[in-house]
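The values are calculated or read from the model by the stated rules, or taken from the named source; none is laboratory data. The shown structure was predicted, so the numbers you read here are calculated from the model rather than taken from an experiment. No Cβ is skipped: glycine too gets one built from the backbone with ideal geometry, and neighbour counts run over all protein chains shown.
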Amino acid sequence: MKYHSALKSIKYFESLEETNYFKIKDSVAFHHDVINSDSLPKEYDNCDVLYSEPSWSGGIKKFDTRANTKTTYDSYANAINNIIEKKNIPIFLIVGVKDSKKLIKPDECHETKIHNAPARLNVYNWNYKGSLKNNYSIINHLSNYFNCVGDFSCGYGNTGEIFLRNNKSFVMSDYNKKCIGYIKKNFHEILQQK
Ligand SMILES: C[S@@+](CC[C@H](N)C(=O)[O-])C[C@H]1O[C@@H](n2cnc3c(N)ncnc32)[C@H](O)[C@@H]1O
């Protein structure tokens, strides 16, 4: 699976078509900057769980350049905290050890790995008893319990891809329109492979 990373060693797909909105079956992916509103768009009302791998503070500059915008990690963390406060459904965030201090204290915090790097799984409004091996095993576990996942910093859409492969649905957004372009280009194929 490809994922959108700020790390130099991981390929960024520069030539993708910028895309605002993409719908596939009962799932949707669209352009949205979480900093620009104090709640998630209405599309997210369909979700029974939120899962996201938000940018770490060290990656924001590069992600901003790719999305052709300028933000700060503090305003991003504030926006995520607003989401946590407003959404009364289970929320799962994979966060960096240092960055987790800027986010609302979770109900549970577990050690895990994301692409081999140590990370934390912050859990809100849920008692998590699933695998903690890595981010993919966590998403797989969640797709057994929940029907529609929301990911407000979706990158190339691994969260939704796993839910789709397990016959579930997703609502995803990112402030980088090329990420939505990636999902548009690749997700029809996923349905065909099923
Ligand atoms: C670590 S990546 C997510 C990787 C993703 N799980 C995947 O499958 O590729 C973090 C994402 O957060 C997005 N992001 C950063 N700031 C954002 C903002 N203010 N609003 C929405 N998305 C943002 C970046 O564009 C990036 O795609």
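Table for the structure above
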| quantity | calculated |
| --- | --- |
| Residue in region 74-83 that is modelled with pLDDT of 95 or more, away from the ligand (no atom under 13 Å from the Cβ) and more than 16 Å from the chain's Cα centre (by Cα) present | no |
| Members of region 13-32 that are in contact with a Ser or Thr (Cβ under 9 Å, 6 or more places away or on another chain) and surrounded by fewer than 17 Cβ atoms within 10 Å (Cβ to Cβ) | K25, D26 |
| Enumeration of residues in region 113-137 that are under 28 Å from K11 (Cβ atoms), over 16 Å from the mean Cα position of the chain (by Cα) and not charged (D, E, K, R) | N116, A117, P118, S131, L132 |
| Residue within region 45-68 that is over 20 Å from G155 (Cα atoms), of a type in the set (D, E, K, R) and out of contact with any strand residue (DSSP E or B) (no Cβ under 6 Å at 6 or more places or on another chain) present | yes |
| Within region 52-73, considering residues that are polar (S, T, N, Q) and within 6 Å of the ligand (Cβ to nearest atom), the one surrounded by the most Cβ atoms within 10 Å (Cβ to Cβ) | S55 |
| Sole residue being farther than 24 Å from L16 by Cα, of a type in the set (V, I, T) and at pLDDT 95 or above, chosen from I138, I162 | I138 |
| Unmet criterion (only one of (1) crowded, with 16+ Cβ neighbours inside 10 Å; (2) outside any helix (DSSP H, G or I); (3) of a type in the set (A, V, I, L, M, F, W, C); (4) under 16 Å from the mean Cα position of the chain (by Cα)) for I89 | (1) |
| Filter result for K70 (part of a loop (DSSP other than H, G, I, E, B), farther than 24 Å from L142 by Cβ and at pLDDT below 95) | no |
| Condition met for S37 (modelled with pLDDT under 95 and either under 17 Å from the mean Cα position of the chain (by Cα) or farther than 28 Å from E189 by Cβ (or both)) | yes |
